[in-house]
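Asks: The structure follows.
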Amino acid sequence: MAEDCDIDTPEPPPSEPGRRRFLKTALASATTAGAASLPLLGVAGESTAAPTTSTTGIPSRELGSSGIQVPILQLGTAQRLDPRYDKVMHRAFQEGVTWFDTALSYGWGSSHRAIANFLTQVGDRKRLWLTSKSGAGNVSGLHKGIDEALAELGTDYLDLYLMHGIDNLRMLDREYLALGEELKAQGKTRLFGFSCHDGNVVALMNRAAQVGGIDAIMFRYNFRRYGDLELNRAIDACHRAGVGLIAMKTQGSVPRDLESVAGFRSENFTLGQAKLKSVWADERIDSIVSEMDSVRFVRENVDAARSEKPLTAEESHQLNQLAALTAGYACNGCKHLCEQTVARDVAIADTLRYLMYFECYGKTGRARDQYRAIPVARREASDAELQHACQVCPQGIDIPARLRRARELLA
Ligand code: SF4
C-alpha cells in the first residue's frame with residue numbers, strides 16, 4: 001500500500017512553519033535517468049552494483065552525506081511474504097525498487113527467510129540494498145542480532161543495520177556508537193543507525209545530529225506532521241549533519257471510510273500517491289519505506305516515484321484538509337505527551353498503533369497478536385485516568401473511546 005505525504009505549495013500556509021524552503025521541486029534532486037540500472041549503491045564514482053535488467057528508473061538521492069545514491073522508494077517487508085516465490089518482491093525489484101527493509105522481528109523471522117530465498121533467486125547479492133534491524137536494547141544483543149540477521153538472510157553483510165524502534169537516548173551513548181563503528185569495520189554492515197516509532201523522536205534526532213556515528217534514521221513522517229515545528233527543526237539538524245533520513249508510516253492512515261469523506265480529487269494521483277509525492281517534495285528526506293503488499297500497490301507507488309509532476313497547490317490543500325478532518329483518528333506516536341500524564345503505565349500509543357493496523361491496513365492477525373502481547377493492565381484505563389492525556393493530545397484523540405474500540409476489536 002502506498003503510505004505518504006507532504007506539501008508542494010509555492011507559498012506554504014502559516015500553519016506550517018517548518019515546511020518552507022523544501023517545498024520546491026519534488027524530484028529535482030533525484031536522478032531519474034537510469035536509476036534502475038544502478039539500483040543500489042554507488043559510492044562516489046565506485047559502483048558496487050552489478051548491471052540490472054530493470055529498465056524503470058526509480059529516482060535516487062544521496063543517503064545523508066554518505067556519498068551513496070539510494071532509490072527514493074524502498075519495499076517494507078513486514079507483510080506476509082511467500083517464502084518460495086514472492087511475486088511482490090520480484091515485481092518491485094523488476095520495477096527498480098532495489099532496497100528492501102526488514103527486521104529480525106518481522107514475521108518472527110519469516111521475512112528474513114523469504115528474502116534469503118529471493119536473494120538466491122536473484123543470484124547476486126550486490127543487486128539489492130538490504131536494511132535489517134534488531135530490537136535488542138543492549139550492545140551484546142545488537143551484536144548477536146546482526147549475526148542472526150546475516151545468518152537468516154544468507155548474506156555476509158547488511159547495507160544498513162538499525163537499532164529497532166528505540167525511544168531511549170541512552171541508545172545513542174558512546175558504547176552504541178562504538179558498536180556501529182565496530183560492525184562497519186568488520187564489514188558486517190555498511191551503515192548504522194536507528195528507527196524510532198514513537199515518543200522521543202525529536203530528542204533522538206537532535207542527539208544523533210550532535211554525536212556523530214549515526215548514518216541514517218528511519219522515522220514516522222507524513223502529511224500530518226508538517227506543522228510540527230520541533231520535528232522540523234530536528235529534521236533540519238539531521239539534514240545539516242549529514243544524517244540520512246528515511247520516512248516511514250507515510251500514509252498517516254485512518255479508516256478508509258473516514259478518508260473517503262474528504263473525497264480527494266486529482267487528475268494525476270491517487271490519494272496514496274499524493275501522500276508519497278508530498279513526502280518526496282521534502283528534499284531533506286532521502287527515501288521512503290513503504291509496505292507494498294500487492295502488485296497493484298507496487299505499480300502505484302512506482303508510478304508515483306517515476307512521475308516528475310509535483311503536487312498542485314490544490315492537491316496539497318486537499319491533503320491539509322484531510323489531515324485536519326481526520327486528526328482525531330491519527331495517532332502520531334508522541335506517547336511522551338499523553339502517557340506521562342497517567343499515574344500508571346498505560347500503553348496508549350502502542351494500542352492505537354495496533355488499532356491502526358487493524359482498521360486501516362486490514363492486518364487483523366498481526367494487530368491482535370501485538371495487542372494481546374501488551375499486559376492487560378497496560379491496555380486499559382478509566383476515563384478519569386485518561387482525562388489529562390486527552391487534554392495534551394495534539395491530535396485531539398478521544399483516547400478512552402479509542403482504547404475501548406481496541407479492546408472490542410483486538411482483545
Ligand atoms: S494519543 Fe495523542 S498524545 Fe498520545 S501518542 Fe497519540 S497523538 Fe500523541
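The values are calculated or read from the model by the stated rules, or taken from the named source; none is laboratory data. The structure presented is a predicted model; accordingly, all values stated were derived computationally and were not measured. Please note: Cβ atoms are built from the backbone with ideal geometry, for glycine as well, and neighbour counts cover all protein chains shown.
Asks: Give the residue that is surrounded by the most Cβ atoms within 10 Å (Cβ to Cβ), with candidates limited to residues of segment 247-262 that are β-branched (Val, Ile, Thr) and farther than 16 Å from residue 354 by Cβ.
Replies: 250
Asks: Here's a follow-up. So, in segment 393-411, how many residues would count as being surrounded by 17 or more Cβ atoms within 10 Å (Cβ to Cβ) and more than 16 Å from the ligand (Cβ to nearest atom)?
Replies: 1
Asks: Can you tell me which of (1) near the ligand (Cβ under 8 Å from one of its atoms); (2) under 30 Å from residue 294 (Cα atoms) is the one residue 327 doesn't meet?
Replies: Answer for residue 327: the failing condition is (1).
Asks: Over 30 Å from residue 110 (Cβ atoms), part of a helix (DSSP H, G or I) and within 13 Å of the ligand (Cβ to nearest atom) - does that describe any residue in segment 298-306?
Replies: Scanning segment 298-306 turns up no residue that is over 30 Å from residue 110 (Cβ atoms), part of a helix (DSSP H, G or I) and within 13 Å of the ligand (Cβ to nearest atom).
Asks: Can you tell me which residues in segment 372-392 are within 14 Å of the ligand (Cβ to nearest atom), outside any helix (DSSP H, G or I) and at pLDDT 95 or above?
Replies: Within segment 372-392, no residue meets the criteria.
Asks: For segment 254-280, enumerate the residues that are touching an Asp or Glu at 6+ places or on another chain (Cβ under 7 Å) and among the small types (Gly, Ala, Ser).
Replies: Hits for segment 254-280 are 266, 272, 274, 278.
Asks: Looking only at residues in segment 285-297 that are surrounded by fewer than 16 Cβ atoms within 10 Å (Cβ to Cβ) and touching a residue at least 12 places away in the same chain (Cβ under 8 Å), which one is farthest from the ligand (Cβ to nearest atom)? Walk me through it before giving the result.
Replies: Taking segment 285-297 and keeping what is surrounded by fewer than 16 Cβ atoms within 10 Å (Cβ to Cβ), we get 294-296.
Of the ones still in play, those that are also touching a residue at least 12 places away in the same chain (Cβ under 8 Å) are 294-295.
Working: 294: 28, 295: 33 Å.
Per the stated criteria, the residue is 295.
Asks: Pairs needed: first member in segment 85-103, in the same structural domain as residue 195 (by TED's automatic domain parsing); second member anywhere, in a helix (DSSP H, G or I) and among the acidic types (Asp, Glu); C-beta distance under 8 Å; at least 6 residues apart or different chains.
Replies: Matching pairs, first to second residue: none at all.
Asks: May I pose another question? For segment 246-300, enumerate the residues that are over 24 Å from residue 409 (Cβ atoms), more than 14 Å from the chain's Cα centre (by Cα) and of a type in the set (Asp, Glu).
Replies: Residues satisfying the conditions are 267, 282, 283, 300.
Asks: Could I ask something else about it? What number of residues in segment 284-294 are modelled with pLDDT of 95 or more and not hydroxyl-bearing (Ser, Thr, Tyr)?
Replies: 5
Asks: Within the group 355, 322, 311, which residue is outside any helix (DSSP H, G or I), in contact with a helix residue (DSSP H, G or I) (Cβ under 6 Å, 6 or more places away or on another chain), more than 9 Å from the ligand (Cβ to nearest atom) and under 21 Å from residue 272 (Cα atoms)?
Replies: The conditions single out 311.
Asks: Does residue 119 qualify as being closer than 25 Å to residue 60 by Cα, assigned to a helix (DSSP H, G or I), touching a residue at least 12 places away in the same chain (Cβ under 8 Å) and not assigned by TED's automatic domain parsing to the domain that holds residue 350?
Replies: yes
Asks: Of the residues in segment 190-212, how many are part of a loop (DSSP other than H, G, I, E, B) and in contact (Cβ under 8 Å) with a residue 40 or more places away in the chain?
Replies: 4
Asks: Can you name every residue in segment 82-102 that is of a type outside the set (Phe, Trp, Tyr), out of contact with any Ser or Thr (no Cβ under 6 Å at 6 or more places or on another chain) and part of a loop (DSSP other than H, G, I, E, B)?
Replies: Passing the criteria: 82, 83, 84, 86, 97, 98.
Asks: Within segment 82-134, track down each residue that is of a type in the set (Asp, Glu), buried (at least 22 other Cβ atoms within 10 Å of the Cβ) and in contact with a helix residue (DSSP H, G or I) (Cβ under 9 Å, 6 or more places away or on another chain).
Replies: To start, the set of residues in segment 82-134 that are of a type in the set (Asp, Glu) comprises 82, 86, 95, 101, 124.
Filter once more, keeping what is buried (at least 22 other Cβ atoms within 10 Å of the Cβ): 95, 101.
Passing the criteria: only 95.
Asks: Scan segment 334-352 and tell me whether some residue there is assigned to a helix (DSSP H, G or I), surrounded by 15 or more Cβ atoms within 10 Å (Cβ to Cβ), more than 10 Å from the ligand (Cβ to nearest atom) and not polar (S, T, N, Q).
Replies: no
Asks: Please verify whether residue 132 is of a type in the set (Ser, Thr, Tyr), outside any loop (DSSP other than H, G, I, E, B), under 15 Å from the mean Cα position of the chain (by Cα) and assigned by TED's automatic domain parsing to the domain that holds residue 177, treating the condition exactly as stated.
Replies: yes
Asks: Out of contact with any strand residue (DSSP E or B) (no Cβ under 9 Å at 6 or more places or on another chain) and closer than 30 Å to residue 392 by Cα - does that describe any residue in segment 190-201?
Replies: yes
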